[in-house]
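A quick write-up on the structure given underneath.
The values are calculated or read from the model by the stated rules, or taken from the named source; none is laboratory data. If you're wondering where the values come from, they're calculated on a predicted model, not measured in any experiment. Please note: Cβ atoms are built from the backbone with ideal geometry, for glycine as well, and neighbour counts cover all protein chains shown.
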Amino acid sequence: MRVRPALGAAASALLVAGLAAAAPAHASLADDLTVNGTGTVATDGTITLSGTYRCGPTSAPGLVFVSSSLAQNNVTISIGGGTRAVCDGRVHAWTHSGRVTGSVYRPGPATVRAHLMRLNSSSGLPIPQPLASEEARIVLQRPAGDGSAVPRTLSREEVRDRRG
């Protein structure tokens, strides 16, 4: 008599597992946004920030964008405009680069604010609809091969040789 309840429970478990497997991948996934812990600042002022995002398809019409800004030493600037997001429930990488003039940013600690935003046009006028936001402390580094190694002091002989 104990066999039937056990078989019934096993069949129910398999049915539930099968239904869960058949559900769309995005059904239980929330919109999400991350910022990588390091960014780069080149000697020419080019900043590069990156991270990941995920957004699911929705019935609300409108485009979705990832935007980012960088803050360091009381200066905050939007970096790289916005990246159009692909909302298919999968994780995608984003990278923003932009050149900042005036040597505003330097290697060291900084803060990145990133936003995943839908421009909802269901009313005819695009209205910003926040999907996810992230504020993260990062470290800005020089990119590999930037040629920005710390200058060393030349010896007297090297200075003389360079002067000719």
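Screening Pro109 with (1) farther than 15 Å from Thr40 by Cβ; (2) surrounded by fewer than 17 Cβ atoms within 10 Å (Cβ to Cβ) gives one miss only, at (1).
Yes or no, residue by residue, for (1) hydrophobic (A, V, I, L, M, F, W, C); (2) farther than 13 Å from Val66 by Cα; (3) assigned to a strand (DSSP E or B); (4) touching a Cys at 6+ places or on another chain (Cβ under 9 Å):
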{"site": "Gly89", "(1), (2), (3), (4)": "no, yes, no, yes"}
{"site": "His96", "(1), (2), (3), (4)": "no, no, yes, no"}
{"site": "Arg106", "(1), (2), (3), (4)": "no, yes, no, no"}
{"site": "Pro128", "(1), (2), (3), (4)": "no, no, yes, no"}
{"site": "Ala132", "(1), (2), (3), (4)": "yes, no, yes, yes"}
{"site": "Arg137", "(1), (2), (3), (4)": "no, yes, yes, no"}
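Residue count for the range 64-97 under the criterion of being closer than 19 Å to Thr43 by Cβ, more than 15 Å from the chain's Cα centre (by Cα) and touching a residue at least 40 places away in the same chain (Cβ under 8 Å): the result is 1.
Do we have Val100 as surrounded by 14 or more Cβ atoms within 10 Å (Cβ to Cβ), under 10 Å from the mean Cα position of the chain (by Cα) and under 15 Å from Gln72 (Cα atoms) here? The answer is no for Val100. Every test in (1) surrounded by 11 or more Cβ atoms within 10 Å (Cβ to Cβ); (2) under 22 Å from Pro57 (Cα atoms) is passed by Leu125 save one, and that test is (1). For the range 20-45, which positions are among the β-branched types (Val, Ile, Thr) and modelled with pLDDT of 95 or more? Matches in the range 20-45: Thr34, Val35, Thr38, Thr40, Val41. Among the residues of the range 103-119, the ones that are under 15 Å from the mean Cα position of the chain (by Cα) and closer than 18 Å to Leu131 by Cα come to 6 in all.
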